[in-house]
Structure formats: structure tokens, C-alpha cells
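Data block below; observations after.
What follows is calculated from the coordinates using simple rules that are stated; it is not laboratory data. Remember, predicted model here, so these are calculated numbers, not experimental data. Every residue, glycine as well, gets a Cβ built from its backbone with ideal geometry; the counts of neighbours run over all protein chains shown.
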Amino acid sequence: MNIIVGDVDTIRNSELFSGKWYGAEYPDVKLIGMDSAEHYLWIGAAMGRDPGPDFSTTGYLESYPDVAAGGMNPLVHFERYGREEQRPVVRRPVAASIKRELSATVDIVVPVYNALEDVRLCLKSLSDYAGAEMLRVIVVNDGSDAETSTMLKSACADLNRSNVVFTLIEHDVNKGYTTAVNTGLKASTAPFVVTLNSDTIVTHYWVEGLLRCINSDPSIGIAGPLSNAASWQNVPNLYGDDGNFAINALPPGVTPDHMAAMVRQAGKPIYPRSTFVNGFCFMIKRAVIDAIGFMDEEAFPIGYGEENDFCIRAQDAGYTLAFADDTYVFHAKSKSFGSSRRKELSKAGTEALKSKHSTSKYNSMVSKVKDTTAMDTVRARVRRVLDASLAPRVEQPMKWAMNQRILFLLPVSGGSGGAHSVVQEVAEMRRLGIDAKAAILERKMSKFEELYGDIPEFRDMFIGFRDDNLISIAVNFDVVIATIFSSVKLVEKIINFCPWIMPAYYAQDYEPLFFPDGSKQWTEAHKSYSLLPGCITFAKTDWIREIIEKNHKVKVFKVSPSIDHEVYYPDKLKNKTASSSIVVTAMIRPETPRRGAERTMEVLARIKQRFGDGVQLKVFGCAVDDPEYVRLQEGIDVENLGVLTRNQVADLLREADIFIDLSDYQAFGRTGLEAMACGTVVMLPREGGADEYAIDGRNTLVVDTLDVAACYNRLEAIISDRAAIDVMKLAGMETASEYSLRRAAISELALLGRSLAAHRVRNPKPVRSDLHIVAAARKGAKGASSVAGSGYVRVVYPYMQENILSEWNPLLGEPGMLPIPTHDCTVLLQRDLSESEWNKFDTWYRELKLLNGTLIYEIDDDLLDSAALEDRGYKGDAKALADRVRLFCDRADLITVSTPRLAEIFSNYAHKVRLIPNYISADLWKPHLPRRSADAQFCRSEGVVKIGYVGTPTHDQDLAIIREAISEIQKRHDGRIEIEVIGAFQSSPVQFGKRVGLPKDNRYPIFVEWLHKRVDWDISIIPLADNSFNRAKSHLKFLECAALDTAILCSDNDEYRRVGTHEVDCLMVANDTQSWIDALDRLILDRELRLSLAQKARSKIAASHTAEANIDAYLSILREAKARQPVIHAINA
């Protein structure tokens, strides 16, 4: 938009502008604190908003294309030129309205019967829709009184907007709600239809939310939003104090749009499925109507049951129903009927449903909707966000308990009792609405998925971490909890940088007992309890608590142990006869001496010898071919089931009659308590913390596990007394029932909440602006998107460094996907968006600017060179890509490029272009550390010079430069050189050397780790053809090869000269065959030269060419972008 000094005064002085009207019409202006005239000049006109009731912004621009093309604010143009040119004031062009009506994406049917004030608010909210979809509002006046009818005619004429068009249909007499709805449905043509009660207030992006939900799964045919008063879709509370469905009043100062924003912030949507969707706001796919028809007017003439009938019929037709749990619509509750009358109608509707579909079917579907597990999680999350927004948490420890963000550090392989405890308690916290996650080693993710993949939201619950990204993950949490001694030093690293995070240690055993006194691991475990000043240490048994307090003089809090009763429960059908064999099971872990594998197998052998076929022996916990197990098992008739998941363990415990644990001691004895929950008799060690729940002779057998004879005698006695087995099983089940996930999670939350409130007073959390990072996406082998290599280099590693975190809150979202803007945030967008996001950009950008956000556009290739992209195999529309790049540049407050040539290419935006050369991550590439040798089979060898190339399949022109030179070199040095090529020739014939297969997972961090193991070259070759596209390329490959400690031979060009020096840290040659032959010959024959070039190049990049060494450059970009005045551009509505 072309804006000059004085424009805002022209608007203020215009009789067609009304600041009061504008503020009332668009209440968000007041929320962001802008003057009405300035808002209309800078933002409002671009959104299609009108400056007053007598001037249509879009109408003026559509009527006068020259004004639209010129980019001037339409009201400014009219006052300066339009009046003198005698251009009429334009209100609403009918033709444009008809055109938009025909192309509506969503039809909204609003049946109306009186209740004038509610209807007025409803229609006004529909007119204020802020999204990008085309809406047609079909208002059906079902015989309302004269006052309401007059208002409807006026509203449907006056409330039209550029993408919201109103149509009025009138019934002469009141025909009933269902008939009115059907009138609207029959008039609708859009692919999606919403039936909307007239006592609702829709929010700004409500349609987008419903569309996201209904399009998330092809089977979904009906979707509805969350609301204050929509039965099972209620938030924040399902029921009121009277036990009926709540009508949740909005807190003082909270508008429906505020509440909608909080619902969106509450967490990633899960779109809970349901058997019924409340009819107050009811989105239907056109295909559903085509399949089952309209509402049933005969059975439900005045409503109250018609939408439930429609839901049942839709499900009969194969569709599912879902709640859009990231979307909110306010519901005032019907004024058309009084409360008592509503109850009568509801009861009648229920009877009609039972009559039509059968009582059993109806009751079955009602019982399913009453399973509120998923929605309880959603409600808890919404409550957390709402409470956080309304109250100062420091003064209210209880609020902290239910609003804290908790990260458990779990750097283990999973499968142990301690890991199970953490996993199931994190899962329970999440069910309570707590943002709790478990950070596991990234390389262990697949193992955890094998063990715990059945947990809902597995991917959201577990975060894979590496050494280089742990702090950037932890920085957004309030509490970070160590769960094993080796994770305490990780917590120390986090709080040294983020002192506002509260450290905690979940001590699940006394771990110095695991190792020989004085050993390295014993020392680390021993120091772990006092390593973190102010750490909140907690344990689940008095034994653990007391031994730590005694040996380390630190306070240890007690929390409740947990059992997941959804996994560990008895088999009610297990009813053995007197002749049935007794099943005895045990966990065998030969690699862990304290678990007593040898004595356990000895006791089992004696039991088998004593009872023969009267007992079955089944063990688990180690591989069948484990050499130590094979030795222990020799001569014993026992079945080894191997390493089991927790569900498989539970199945075995339900089958078993007796479980024995003959460990030296048990800090808690989780598997024993789980076995009791499954209805199994348990034998446990006397030493340790099992006495937390174990009572010898009543609910368990408690033994001195070092006395093998005593263990055998107690086991032999119980097997011989089947009546005693039954008595002890029941006693054990009663004991186990007292321990639950809910109880454990609440006990931890209460402790951490009280402690966190005090900690935050001493260590206030700094105010940091959100930095949303939108990295370029790459498609994986199965179509899944991940961050492209350039994304890691240009935006992920540089802008998620520890030194960024003190001022900014980096948030790495899905690659190529637009984030939800937050107030005062900065968005760093790299290269291009995913295809699904292209058409959303303008609407998203508008919301970003309304929230005072800043946009930085990052580009590291000449994406404007369409011909070059097509030559290099770009599969998309290169010209369309170039158009998007220009759009991003236009909108950006700042643009970063990687080379001076790119800065020249984008010289049209010179005032906001900044050069940030490519650097590598020191954490990832480790150029400052001695190079770790590659795996032995790939190491350099005497008498053979290894030459390598690493690149992508798009570099055929580059490789063509050296093809003949390589051929000649191979002839000259036959048998004395090896040539390896990584990345090239993946789908084309190998031109020279040996093509090395890529790793299955070739995401950039994993690929770099693989390179360090796979590559040990004497010489790296980096040819680069001299063409327009390559002249904009950076020197990144030079940096990466230098980090691999190889001598570099590269093409002589400007970009490589910026980082390398010929004859000092590399050799640079012209792009002709002879020059390459001569240089290769020289390096092959001169070992000292190779070593010198490699050492100097690696030292140089370690000192000055890492992202860490150039942190000030990245901070400077962020600070400059933040300091710039907002740049707001016209956007066609």
C-alpha cells in the first residue's frame, strides 16, 4: 500500500470516517491499543474493513480498478481525488455479493424465532468473521414477531462483508425448528454446511477450526466446537454445582474471542471422537447430506432430538463424529423456550429417538459419549490456560501445581521398573491436563516406541534429545527432573543456563549400591544427590528416602508409588481346578548380579524337581540365547518368554499363580506390586523398600533372598496349599488397589507446585519473546516431512543456540508449516512453505501483524532463477515458487541471505537485506575437538590415498567437470587410490569411483553423525560449475569437508576464496581437466601437504566459521528485526 505523510489526517477529517463506529464494529482494534484511523490506514483497509457505515472499502476498490492497482487507501483516494472527479461513494456492489455467494466454501444456516438481542449478537459475530474462507449465511426467519423480522431484513442487508454474504429466507408462520433448519439446508450448496443456533457468538477463526477437524480424517462427517454450554463439549467444566451440564460463564474481562484464543493455546488438537455432537453448532460435510438426507421433521418437528437422530443416521452410513478441540463458539442457551419447557422437549426428543432407533441402540451410544477420558484431558488443559491467564501464580501454589510444565529426563533404554514408573506417571499427569513430557535420547526413540507405542499421544509425550539441543528443549519448562544418577549432570547443565527452572531428582533407588565402592560410576552416583543446590529430591519409599538423607544430609520428600491399573488387573475368568498345574514365573536378568538370577534358577529347578508336571515354570527378562542364561537354564524344564513389553508382562502375571523376586534387595519392587494387582501371589526380598506395601504371610511372602533353602521352603509350602494361594491372591489385590496413577501424579504435582512457587520468587522467569522457526521441509521416503539440511544450517542450529535463549524463546514447529502467531513474536521463515500453507499466508500474515509480530525471511539459494531450478530437477512450478519468494520478501521486515551474490539478486529489497554467511554447528561437527577416527573398516590405510566427494543428486554439472580428470588419475595411480562418492549417482549411472549407500535415516544431524563414522578421506574434492545458480551458492561444503579433517581441493571461485586460502588451507583450481589432474597428482604424492592443508582448514573454521563463534550476528538480526517499525502491506481481502 502506498502511504504518505498526512494520510491519517485525511482519514480523520473525512465525514465518511467514524472512529467511534470503527471501534465498536471492530473491537480487536481496542485490544491491540491502536488508534482507529491509524488502524484503518495501516491494517483495516487491507482486511476489507470499512471506515464508517457509509463507505465500502472493497466496493470502492472493485468499482475502480485503477485505485486498487495504485495501492492507495480507498478513503484517502476518494477524499483527495474521487470527490473532485465526481466518483460516487460506493456502498455494496450487488454483483460482487452474488459472485461471492455462489463460490461460498461454507454455508451457515441460522434458524431464527424471536430472541431479538441474541440474534443480533449472533449475526454481528458472523459478519465480523476474520478468516479467509468464503461464507454464505442463510438466515431462516421462522415466523418471528414484527420487531425481529424487521431487524433481520436490515441486518441481512447491512452486515455483508467481502467474504461473508447474508441471505434471508422467511416463513409466513412458525413451522418449528427442524423445518426451519431443513429450509436452510435445502437452500445450501457449499461443500460444508453449519447449522448454527441463533443464540451463539462465533469467534474470529471458528470456521477454520471446524474445517481443520472435519478434514483431518476422511471418515469424519460431522464436527462441532467446544463451548461454554454444549453438554459433552463443555469447557472448562463439564458439570455445574447442581450436577447438571454446566453453563460456564466467561470470567470478567474475557470475551468469546479471548476464550477461543485460550482454547487454541491449550495444546495440539486430538479431535476426540463421539457418538453425538451438540446441535448448537453443527458442521456437516455435503457428502453426509447426500447420503442420508435432511433432518427428520416428522419425528422431531420442533427440535430437541433432530441432531442426535442425524448423528445416528450418519454413523449408520459409515461416518464418524468429532469435536474440534482447538475451536470455541460461545452459546448463550436458547431463549426461544423457557427452562422447564426445554426439559419437557428434551425428554420428548429422547423418547422419540428410542422409538425410532431402539432403546438398546440409543442407550449404547449414550454410554459411549459418557466416556469422557479424552475430553477430560482437553478440559484440564483449557482450565490450565484459563487459570494461568487470570491469576498471579506465584501467590497461589495450588495454581502452580496444576499449571506447571514438567520435563522428566530419561536417558535410558526403557523397559525397567524405573522407566515404567516415569512413563506411566507422565502419562497420568497429561491426563490431568499437565504439560508433562519425557525427554529420551533421540537414538532410543524407536526402542521406546516398541515399548510404549500403545500410549495415546506417544509422539507428543516423548521428546528425543541430543547433547546439542537439550537446553533449547528444556528452556520452556518450569521443572526439569532427573530420574537416574547419570541425568543429574544434565539437569545441572540446564539450570546453569536457566536458573529460573527448578531442578528436581526422582530418586527411584539408591544407585551407589549398583557399583563397586570407589568406581567411577559409584562416585558419580554418590555425588548426584548433592550436586544440585536447591534441588527437590523425592522418592516413593521410606527406605530410599532414609538412606539418602542418612548418607548425604539432604532433604528427600515422599511421594506415592503408582500402578497402571489399566494394564495390570486380574483375570476374572482365571478359575483353576485342583488338578490344574501351578504357574510360577520370575524375571531373570543375568547381566545384573543384584537381581539374583542364579539363585532364582536354583530355586525354580528344585521346585520343578519336587512337583514335576504339577508346576509350569515361565521366566522373562533376557534373551533365550543369552549365554549366561543358557548356562543357568541347563537341565531345567523352564520356558523363557524373552524380553517383554509391559502389556506382555501383565498378560503373563495374570496367567501366573506365583511371581518370585529373589533380588538382593528391592528399593520398591514395582513388578511385585503389579503382580499383586494381577491376582498373583508374590515372593519379595526382605531387604529394601518393599515393606511399603508387603506384609509377610498376609498379602506376600517376604524372605531373606540370600538364604536359598528358606526361599525354597516358603515357595514349596505355598504351592502345596492351594487354599492359601487363593487367600493371599485376594489380599494382594486389595493392597494393590490402594496405589493408583492418579494418586502418584497428584502427590508429585502437589510437592512440585508448592516448591515451584517459592523457587520462582527467588528466580523470576525472564520475559522472552517467542521466536517461531519455520524451517524448510524435505520429504522422507514415506512422504513424511522433516527439516531439510539447509534448515538445520541456516535457522535451527544458529537460532536455537544457548545464548539466544536468554532473550528469545525459540519454537521449532513443523517444517514448512505456519505457526500460530503470538503477541510480539518474531517468525523466521526459510525458503518456502509446504503446499498446504500457500493459500493461508495472507490471512496468517494479517494475524501476525495484528499481534505486533515481526517476519524475517531467510533464503540461501537463488529461487528466482526458474530456468536453473528446472535444469536441476525441481519438480514443482518454478515460476510460482519465484512469485512466492517475492511475496515473502515483500512482507518481510528483514531478509537474510547467505552470499553477496544473493544480496545482489535481491537488491530490490536492499534496505532490508542482511548477509549472514553459512556457518556450521560446532556441537554437531566438532571441529575444535580431535577428530574421532571413523569405524575401523573405513579408516585410512598406508599406501592407499582415499579421495571422496559428498553432495546431492542435483550436482551432475559439477561432477562433469572432473570426470575426465578422475579417469586419468585412476590410470596413473591404479591400486594406490580409492575414490568414494556419497550422495551423487543415486538414480543415475556411476560416472567414477565407488558409490556409497546413504544411511536409512539421512536427516541432517543423523547424516553428519554417520559421516563422522563413515568418512576418513585424505582428500575431499569440491567441484563447482560456473553458472548463474552456482554463483549464488555458499561455501558450506568447504566448511563441512574441513570439519572432516581432509585436504580440500576445490574449484577456484569467489565464494570459496572467502573462506579458503590457496596453498595455505586448500588448493583451488580452474575448472579444466588438466588443472584438476595436476592438483590431484600433487596431493596424492605429497602426504605432508595433505596433512598441512587439512589441519589449517580445520583450525580456521573451528576459530571463526561456526554458528557459536558468530552468535552476535544472529542476535543482531533478531534485535534489528524487533526494533524496526512494523511494515504492514495491503492484502487483497
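The table below lists the values:
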quantity: Overall form of the stretch 97-377 per C-alpha gyration tensor (a/c, 1.5; a/b vs b/c); calculated: rounded
quantity: Whether the stretch 922-1106 is rounded, prolate or oblate, judged on the alpha carbon gyration tensor where a/c under 1.5 counts as rounded; calculated: rounded
quantity: Cut-off under 5 Å, modelled amide H: who pairs with Ile895 long-range; calculated: Tyr857, Val913, Arg914
quantity: Ranked packing of 50-62, 553-565, 10-22, most packed first, by mean Cβ within 10 Å; calculated: 50-62, 553-565, 10-22
quantity: Out-of-range pairs (alpha-carbon distance over 19 Å; input Lys765/Lys1122; Lys1037/Lys1096; Lys926/Lys1100; Lys971/Lys994; Lys447/Lys1013; Lys444/Lys493); calculated: Lys765/Lys1122; Lys447/Lys1013; Lys444/Lys493
quantity: Order of Phe1007, Phe906 - criterion: other Cβ atoms within 10 Å of each residue's Cβ, fewest first; calculated: Phe1007, Phe906
quantity: Reach of Lys285 by Cα under 13 Å, taken over aspartates and glutamates that are not fewer than 8 positions away in the same chain; calculated: Asp107, Asp217
quantity: Straight-distance crosslink candidates among lysines, where the alpha carbon sits under 23 Å from Lys343 and sequence neighbours closer than 8 are dropped; calculated: Lys175, Lys333, Lys335, Lys354, Lys356, Lys361, Lys368, Lys370
quantity: Cβ-defined net charge surrounding Tyr506, 11 Å radius [Lys, Arg +1; Asp, Glu -1]; calculated: -2
quantity: Computed over the stretch 922-1106: relative contact order in percent, which uses C-alpha pairs under 8 Å that are six or more apart; calculated: 26 percent
quantity: Mean Cα-pair separation over length for the stretch 758-848, i.e. relative contact order, pairs under 8 Å, 6 or more apart, %; calculated: 38 percent
quantity: Long-range Cα-Cα pairs in the stretch 246-329 (distance over 16 Å), rounded percent; calculated: 62 percent
quantity: Sorted by Cβ neighbour density within 10 Å, fewest at the top, the residues Ser988, Ser1099, Ser125; calculated: Ser988, Ser1099, Ser125
quantity: Rg/Rg_ref, the stretch 1015-1101, where Rg_ref = 2.2 N^0.38 Å and atoms are Cα; calculated: 1.00
quantity: Net +/- balance of residues flanking Glu687 in space, Cβ distance below 9 Å, scoring K and R +1, D and E -1; calculated: -1
quantity: Reciprocal mean inverse distance between Cα atoms of the stretch 769-915 - Kirkwood radius, Å; calculated: 15.7 Å
quantity: Charge dipole (debye, nearest 20) of the chain; +1 at Cβ of Lys and Arg, -1 at Cβ of Asp and Glu; calculated: 980 debye
quantity: Bridge type composition, the stretch 922-1106 - antiparallel percent by DSSP, nearest 5; calculated: 5 percent
quantity: Computed label-point distance, nm, for sites Ser836 and Arg914 using a 7 Å Cα→Cβ extension; calculated: 3.2 nm
quantity: Positive-end extreme of charge dipole, the stretch 97-377 - chosen from Thr373, Ala332, Tyr205 (charges on Cβ); calculated: Thr373
quantity: Tensor-based shape of the chain (alpha-carbon gyration tensor, a/c under 1.5 rounded, otherwise prolate or oblate); calculated: oblate
quantity: Computed E for Asn763/Asp172 - FRET, C-beta separation, R0 60 angstrom, nearest 0.05; calculated: 0.30
quantity: For the chain: relative contact order, % (alpha-carbon pairs under 8 angstrom, 6 or more apart); calculated: 7 percent
quantity: Counting DSSP beta bridges with both ends in the chain, the antiparallel % (nearest 5); calculated: 15 percent
quantity: For the stretch 394-558, convex hull volume per residue from C-alpha positions, Å³; calculated: 123 Å³
quantity: Kirkwood hydrodynamic radius (C-alpha pairs) into Stokes-Einstein, the stretch 380-488, 20 °C and 1.002 mPa s, D in µm²/s; calculated: 147 µm²/s
quantity: Within straight-line cross-link reach of Lys520, lysines at Cα separation under 16 Å, skipping those fewer than 8 residues along the same chain; calculated: Lys489
